[in-house]
Amino acid sequence: VELLCHQALVQAEAGCDVIAPSDMMDGRIGAIRSALDGSGFENVQILSYAAKYASAFYGPFRDAVGSKAALKGDKKTYQMDPANSDEALREVALDLAEGADMVMVKPGLPYLDIVRRIKDEFKVPTLAYQVSGEYAMLKAADRNGWLDGGRAMAETLLCFKRAGADAILTYAAVEAAKGLGK
């Protein structure tokens, strides 16, 4: 947690408006908030990855950065069980109590129900992350002619919004932005 606080301060000093620790350590949001506030960065916001599931959809990213072979343990020991929806609400409540300003659901598409539950329960800015596996799945289906990739991508992004996401992180950001003008 101490390293996360140091990273947050370095990022705030560099001008970041939002700090987004992607870990799942207990107490990290409160510690980061205290470090930021104690150093005069009261207006720097924290985006908590409060609902981060142990998911098969992270595979393409892990392959790309070469971390798949280096993983010694199973992320199921600290990321959330895909079968458990109530844990996400508990984690979000804890992170908000510690000072998070907004929360992330990762991955997004398999957890649209979680996005909606968080939005309804807490009424805070809620983000969804369309991770590498979700993106790769749609791109592969398009490449193979199984579906219209552009329409399918737009539909998934619309589903995030309909579920309550205030913002979406996606590998398709550039192509989605271009499609908005059409």
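Rule-based calculations on the coordinates, nothing more; no lab input. These numbers come from a predicted model, not from an experiment. So basically every Cβ, Gly included, is an ideal-geometry build from the backbone, and we count neighbours across all protein chains shown.
Of the residues Ile168, Gly150, Leu127, the one whose Cα sits farthest towards the positive end of the charge dipole of the stretch 2-180 is Gly150 (charges of +1 on Lys and Arg Cβ, -1 on Asp and Glu Cβ, taken about the Cα centre). Extents of the chain, largest first, come to 54, 41, 34 Å (Cα atoms, principal axes, whole angstrom).
Using the charge dipole of the chain (Lys, Arg: +1 at Cβ; Asp, Glu: -1 at Cβ; taken about the Cα centre), state which of Leu89, Gly179, Val105 has its Cα farthest towards the positive end. Projecting each Cα onto the dipole axis, the largest value belongs to Gly179. Helix 132-143 axis versus longest C-alpha principal axis of the chain: approximately 10°, rounded to the nearest ten.
Rounded to the nearest 20 debye, the dipole size of the stretch 2-180 about its Cα centre is 640 debye, using +1 on the Cβ of Lys and Arg and -1 on the Cβ of Asp and Glu. Charged neighbours of Gly27, selected by a Cβ distance under 13 Å, balance to -4 (K, R count +1; D, E count -1). The long axis of helix 86-98 is offset from the longest Cα principal axis of the chain by roughly 40 degrees. Peptides 139-151, 93-105, ordered by how many other C-beta atoms sit within 10 Å of their residues on average, highest first, read 93-105, 139-151. Amide H contacts of Ile46 (H built 1.01 Å from N, in plane; Pro and chain starts excluded): Ile19, Asp101, Met102 sit under 5 Å, all sequence-distant by 5 or more or on other chains. When shorter helices are ignored and each DSSP H run of at least 4 residues is given -39500 (n - 2.57), the per-residue value for the chain at 222 nm works out to -15000 deg cm²/dmol.
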